[in-house]
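The values are calculated or read from the model by the stated rules, or taken from the named source; none is laboratory data. The structure displayed is predicted, hence computed values, not measured ones. Cβ atoms come from the backbone with ideal geometry, glycine included; neighbour counts cover every protein chain shown.
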Amino acid sequence: MSVETLCQICEDARATHRCNRCGAMVCDRHYEREYGMCLDCASRADPAGRGGDTYQY
């Protein structure tokens, strides 16, 4: 038996990635491959488009 996980952001698409920062399961559309994070964490890690991890909780 297979359990399909839905994206924790849109709750619509099938989750295929796990965020390296918060652990959320997200779909392709809500995963930032460059950072290995969900879009929520990636936007906090690099809010101004600068390089480096400036993540703020």
(request) Identify all residues within region 10-20 that are surrounded by fewer than 18 Cβ atoms within 10 Å (Cβ to Cβ) and of a type outside the set (Gly, Ala, Ser); write none if there are none. (result) 10, 11, 12, 14, 16, 18, 20
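Let's see how each residue does on (1) surrounded by fewer than 12 Cβ atoms within 10 Å (Cβ to Cβ); (2) basic (Lys, Arg); (3) modelled with pLDDT of 95 or more; (4) assigned to a strand (DSSP E or B):
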| site | (1), (2), (3), (4) |
| --- | --- |
| 1 | yes, no, no, no |
| 4 | yes, no, no, no |
| 8 | no, no, yes, no |
| 22 | no, no, yes, no |
| 29 | yes, yes, yes, no |
| 34 | yes, no, no, no |
| 42 | no, no, no, no |
| 47 | yes, no, no, no |
| 51 | yes, no, no, no |
